[in-house]
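For reference, the structure is listed below as structure tokens.
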Amino acid sequence: MLHEMIIALTSACYIRPHRHLGRSESFHVIEGIVDIVIYSDTGRMIDVIPLGDHSSGRQFYYRLESDRFHGLIIQSDTLVFHEVTNGPFQPDRSQLASFAPDERDPVGVATFNAAARAEASRFQLADPRGRAS
């Protein structure tokens, strides 16, 4: 069974880093620009995948094969993407990252997002494709 969603977010949205146990996930950007951030189990940023819609000049599709922690840094005012994963959706098959703040902690979220943006920028400077060197 396949689980497909069209998701629309604004740049103010926070998606707590998480992983899907035993499932792959793909992202197809329809509109906007986003960095998919991959984290180690301890919260160290290990990769940044810059994605964007076709007109952005960025890669517009990415498939995450492993159950790594991942999060989004939305770079445009709005982001619309098509997400596909193995279904059916089962909340107990996803794990929220303990190194990231809960959505109900606005100060923690702001601090975490600022640090993630700064670290992701270092990946971008190290390699224009956004990959760690």
| remark: Given (i) 0.96; (ii) 1.04; (iii) 0.94 as possible values of Rg/Rh (Cα atoms, Kirkwood Rh), the one from the coordinates is (iii)
| said: Only Cα pairs within less than 10 Å get springs; with that Gaussian network setup on the chain, which residue of 53, 35, 105 has the largest fluctuation? | reply: 105
| field | Potential lengthening between residue 59 and residue 18 on full extension [0.36 nm per residue; Cα-Cα distance subtracted] | value | 12.5 nm
| request: Scan the range 27-130 for chymotrypsin sites (Phe, Trp or Tyr not before Pro) in coil per DSSP, keeping those whose Cβ has at most 15 other Cβ atoms within 10 Å, and list them by number. | output: 89, 99
| query | Based solely on its DSSP helices, what 222 nm [θ] is calculated for the chain when runs of n ≥ 4 H residues each add -39,500 (n - 2.57) and the sum is averaged over all residues, nearest 500 deg cm²/dmol? | reply | -5500 deg cm²/dmol
| request: Multiply the residue separation of residue 6 and residue 28 by 0.36 nm, subtract the distance between their alpha-carbon atoms, and state the gained length in nm to one decimal. | output: 7.0 nm
| message | What is the distance in Å between the Cα centroid of the range 61-117 and that of the range 12-32? | response | 5 Å
| query | Along the Cα-to-C-beta direction of residue 86, a point sits 7 Å from the Cα; which residues of the range 22-55 have their amide N less than 16 Å from that point? | reply | 22-26
| said: Let me check against my output: what whole-number percent is the relative contact order of the chain, with C-alpha pairs under 8 Å and at least 6 apart? | reply: 36 percent
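All of the numbers you see were taken from the coordinates with simple rules; none came from a lab. Everything numeric in this text was worked out from a predicted model, so none of it was measured. Cβ: placed from backbone, ideal geometry, glycine included. Neighbour counts: every protein chain shown.
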